[in-house]
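Undergrad: Right, I'll just put the structure down here and ask away after.
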Amino acid sequence: MTKWKAAFFLLLFGIVVAAGVVFFMVLMPSGAEKPALAEAKGETAFQITSSKKELNQLVSYYLEKEADSAPIDYDVYISDKVELYGSFPVFGTDIDYYMTFEPEALENGNIVLRQKGLRVGLLDIPASYVLKTADNAYSFPEWVHVVPEEERIYVSLADIQLDNGMRLKAEAFDLIKDEIQFAVLLPEEAIE
């Protein structure tokens, strides 16, 4: 056999072996697992981040909207704390008050407002009395629960009726750092 024939068959054998190795490597699993596509069960969550300024605009809008259906005689402002301005009747005259609350996002996605400060002129009035009077005097939305004896207000975000059955869940509510995060939960029925 000539040198050229031997070189040709050696080269042909090399090409066949290289093609076989490439073919074998292509057919082998890559080791990377394809993520399983989770079926939409329950709810799909969309994260929303807000600032105090944006939240104040939303609260103002909501209070104006609610004022059309029921008289509202209080204002809410969000700074490094939640501030509630209002008045309540005492002996036929309205007494102005100012309360401050420290908000906290709860595990269940609702928000609790713990009463931290109260000003009612120079009067020394217990916060529980002011909260009870405010609860009786005002028409709070059904998802706002005033608990005077605990000096707290619970905001049940899950009870807020949104379009398509969506609901809200508070995930972070740190006013000092201006870190306000919500999840908007969309039920499976709305996706289908």
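Undergrad: Does Y98 count as more than 21 Å from L55 (Cα to Cα), modelled with pLDDT of 80 or more and of a type in the set (F, W, Y)?
TA: For Y98, the condition - more than 21 Å from L55 (Cα to Cα), modelled with pLDDT of 80 or more and of a type in the set (F, W, Y) - is not met.
One line per residue, one yes/no per condition, for (1) within 20 Å of S50 (Cα to Cα); (2) out of contact with any Phe, Trp or Tyr (no Cβ under 8 Å at 6 or more places or on another chain):
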site: F88; (1), (2): no, no
site: N110; (1), (2): yes, no
site: K116; (1), (2): no, no
site: L123; (1), (2): no, yes
site: E150; (1), (2): no, yes
site: A170; (1), (2): yes, no
site: D174; (1), (2): yes, yes
site: F182; (1), (2): yes, yes
site: E188; (1), (2): no, yes
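Undergrad: Additional query: Evaluate region 125-135: report whether one residue or more is basic (K, R) and in a strand (DSSP E or B). Reasoning before the result, please.
TA: First, the residues of region 125-135 that are basic (K, R): 132.
Of the ones still in play, those that are also in a strand (DSSP E or B) are none.
So far as region 125-135 goes, no, none of its residues is basic (K, R) and in a strand (DSSP E or B).
Undergrad: Continuing with the same structure: If I filter region 107-135 down to residues being modelled with pLDDT of 90 or more and of a type in the set (A, V, I, L, M), which single residue comes out as farthest from R167 (Cα to Cα)?
TA: Checked region 107-135; the qualifying residue farthest from R167 (Cα to Cα) is L113.
Undergrad: Does S156 count as surrounded by 14 or more Cβ atoms within 10 Å (Cβ to Cβ), in contact (Cβ under 8 Å) with a residue 24 or more places away in the chain and over 19 Å from N56 (Cβ atoms)?
TA: Yes.
Undergrad: Restricting region 46-65 to residues that are surrounded by 13 or more Cβ atoms within 10 Å (Cβ to Cβ) and either at pLDDT below 85 or on the phi > 0 side of the Ramachandran plot (or both), which is nearest to the chain's Cα centre (by Cα)?
TA: Per the criteria, the residue is V59.
Undergrad: Which one of the conditions (1) in contact with a Ser or Thr (Cβ under 7 Å, 6 or more places away or on another chain); (2) surrounded by fewer than 16 Cβ atoms within 10 Å (Cβ to Cβ); (3) within 22 Å of M99 (Cβ to Cβ); (4) of a type outside the set (V, I, T) does P148 fail to meet, given that it meets all the rest?
TA: (2)
Undergrad: If you take the residues of region 158-172 that are at pLDDT 80 or above and in a loop (DSSP other than H, G, I, E, B), which of them is farthest from Q47 (Cα to Cα)?
TA: Among those that are at pLDDT 80 or above and in a loop (DSSP other than H, G, I, E, B), it is I160.
Undergrad: Inside region 136-157, can you point out the residues that are more than 20 Å from R114 (Cβ to Cβ), at pLDDT 80 or above and not in a loop (DSSP other than H, G, I, E, B)? I'd like the intermediate steps shown before the answer.
TA: If we filter region 136-157 for residues that are more than 20 Å from R114 (Cβ to Cβ), which is where we start, we get 136-137, 139, 142.
Now restrict to residues that are at pLDDT 80 or above: 136, 142.
N136 - this is the single residue of region 136-157 that is more than 20 Å from R114 (Cβ to Cβ), at pLDDT 80 or above and not in a loop (DSSP other than H, G, I, E, B).
The values are calculated or read from the model by the stated rules, or taken from the named source; none is laboratory data. Values in this document were obtained by computation on a predicted structure and should not be read as measured data. Because the Cβ atoms are built from the backbone with ideal geometry, glycine has one as well, and the counts that use them run over all protein chains shown.
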